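Q: Would you mind keeping the following structure in view while I ask a few things?
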Amino acid sequence: MEYDERLARFRQGHVNPFDRTESDGTSDRKDPPKQEVRPELFFTETKHQISDRTMDLGLAEDHFSRPVGSFVASDIEQLEQTIEEYKKQILELPEHSERQKDTVAKLIHLRLKLQELKDPEEDEPNLRVLLEHRFSKEKSKSVKQTCDKCSTIIWGLIQTWYTCTGCYYRCHSKCMNLITKPCVRSKVSHQSEYELNICPEIGLDKQDYRCAECRAQISLRGVPSEARQCDYTGQYYCSSCHWNDTAIIPARVIHNWEFEPKKVCRSSMRYLTLMISRPVLKLKEINPLLFNFVEELVEIRKLRQDILLMKPYFITCKEAMEARLLLQLQERQHFVENDDMYSLQDLIDIFNGRLSCSLTEIHTTFAKHIKLDCERCQAKGFVCELCKEGDILFPFDSHTSVCHDCSAVFHRDCYYDNSTTCPRCARMTDRKQEELEELAEL
């Protein structure tokens, strides 16, 4: 009851409840004279004597709210001083004790309140366009994001922040007018190609000892700022533009079949992230010898060639179109367009063994439809005209060969053993000759 009475008197008379100068004993119940609240601290308790009742008050009473008006500078100063006192108490309280945990929780609330005072929330538009960025206002309250401009934590509970829908650039609302880097997606749209030289370093002197992006002064000794090299561009960046993120480097994959992530700057990381699924790597032109040393690449190339031979069956088959069989490759659309273009994600999946398993399963499904399930597709098979024996042949069968001129299908052994020309090509040649003779007679 004594605690409740003191708390009620505090609410009525604005007396500081943490002022220990008031007697704890049997004081009369007359309203105490109004005392001026000490601006320097919210409590003056000795460091080793923290009462449970003081800790119970905490922030539940909202001592920082005012009936009217907004916060002024003195409130910020009081909060900063109170935060320092809480820090000292946390260090002196027994570790892992309940009182220490309570104090830590209250310290966090105080810091959030201080951040709210320093950066008050304002009405912000939901969409903003800046330097080809299309920023969308975020509603997430997560506190695990980091501003790409100022490199500080985004307090989603109390701060307004935006994310670019194109390159996923995140920043505070207050940092948007300071952005100098255009959206990386525009670069991907206009220049869809990789740097294919391994870490093409040019040296700090060529950069005038400045960050390649923001032009801040840097040096290898860390004075005034540490120089960090991007393994993708080979250039040096400051700690604000290079966060030691890691990514797989395309040049190292193509030339060395190396998939160990290397440190890259923020802009390179976003560019590689957006480019990872784009089929822009023509391996047989960049490094054709890679197929001689990586057996998985040869297997994938054969499966892709078979799928291209199956495609004409599906686009002329009503059942296949209704079943949308080709949509099984919708995440790798280039697989039904050519057999020589690869994306970086394709090579990563080949290295991990995932692509071989998934593509083999799709290949089996396609072959089953053509050879077993669909009568229309079966009717488009071939009979070997050289031996005229055996089952119906299809161009994607492993034991067959296809004529390059007329696309007729034969047994592989029959095709290579036969020294004459293709029977179908010969028949077509004779037919054209007869037509020409008939026209000559007319």
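All of the numbers you see were taken from the coordinates with simple rules; none came from a lab. Just so it is clear, the model here is predicted, and its values are computed rather than measured. Cβ sites come from the backbone with ideal geometry, for glycine too, and all protein chains shown count toward neighbours.
Q: Exposure proxy check: Met176, Met428 ranked by fewest other beta carbons within 10 Å?
A: Met428, Met176
Q: Arranged by the count of other C-beta atoms within 10 angstrom, fewest first, what order do Thr421, Thr273 take? Please list the in-between numbers first.
A: Working: Thr421 11, Thr273 15.
Starting with the residue having the fewest Cβ neighbours, the order is Thr421, Thr273.
Q: Roughly how many nanometres apart are two label points built 7 Å out from the Cα toward the Cβ at Leu308 and Asp391?
A: 2.6 nm
Q: Then there is this: Could you work out the local net charge near Asp430, counting Lys and Arg as +1, Asp and Glu as -1, over the other residues with Cβ closer than 12 Å to its Cβ? Can you show the working numbers first?
A: Numbers: positive: Arg424, Arg427, Arg431, Lys432; negative: Glu434, Glu435, Glu437.
Value of the local net charge: +1.
Q: Order these by the 10 Å Cβ neighbour count, fewest first: Cys374, Cys384. Let's see the in-between values first.
A: Numbers: Cys374 19, Cys384 22.
By the 10 Å Cβ count, ascending, the order reads Cys374, Cys384.
Q: Compute the Cα gyration tensor for region 172-247, then decide on rounded, prolate or oblate, letting a ≥ b ≥ c be the square roots of its eigenvalues: rounded whenever a/c is under 1.5, prolate when a/b is larger than b/c in the other cases, and oblate in all that remain. If you can, show how the numbers build up before the last one.
A: Numbers: a/c = 1.97, a/b = 1.08, b/c = 1.82.
The shape class here is oblate.
Q: Using label points projected 7 Å from each Cα along Cα→Cβ, tell me how many nm separate Thr360 and Ile153, to one decimal.
A: So the label points at Thr360 and Ile153 sit 4.8 nm apart.
Q: Give me the one-decimal nm value for the distance between modelled label points at Asp413 and Gln330, 7 Å along each residue's Cα-to-Cβ direction.
A: My value for the distance between the label points is 4.5 nm.
Q: Using θ = phi - 60° and the Karplus relation 6.51 cos²θ - 1.76 cosθ + 1.60, list the HN-Hα couplings for region 363-373 in order, rounded to whole Hz, with x at every Gly or Pro.
A: 4, 5, 5, 5, 5, 5, 5, 6, 8, 10, 8
Q: If r is the Cβ-Cβ distance from Arg301 to Lys88 and R0 is 41 Å, what FRET efficiency results, to the nearest 0.05? Write down the numbers at each step before the final one.
A: Numbers: r = 68 Å, r/R0 = 1.65.
It comes to 0.05.
Q: In this model, which of Lys262/Lys282; Lys174/Lys206; Lys302/Lys371 are farther than 30 Å apart at the alpha-carbon?
A: Numbers: Lys262/Lys282 23 Å; Lys174/Lys206 34 Å; Lys302/Lys371 19 Å.
From Lys262/Lys282; Lys174/Lys206; Lys302/Lys371, over 30 Å: Lys174/Lys206.
Q: Based on the alpha-carbon gyration tensor of region 212-263 and its eigenvalue square roots a ≥ b ≥ c, which shape applies: rounded if a/c is under 1.5, prolate if not and a/b is larger than b/c, or oblate? Walk me through the numbers before you get to the answer.
A: Details: a/c = 2.90, a/b = 2.70, b/c = 1.07.
In terms of gyration-tensor shape, prolate.
Q: Additional query: Kindly rank 250-257, 97-104 from highest to lowest mean number of other beta carbons found within 10 Å of each residue.
A: Numbers: 250-257: 18.1, 97-104: 14.0.
So the peptides 250-257, 97-104, ranked by packing, come out 250-257, 97-104.
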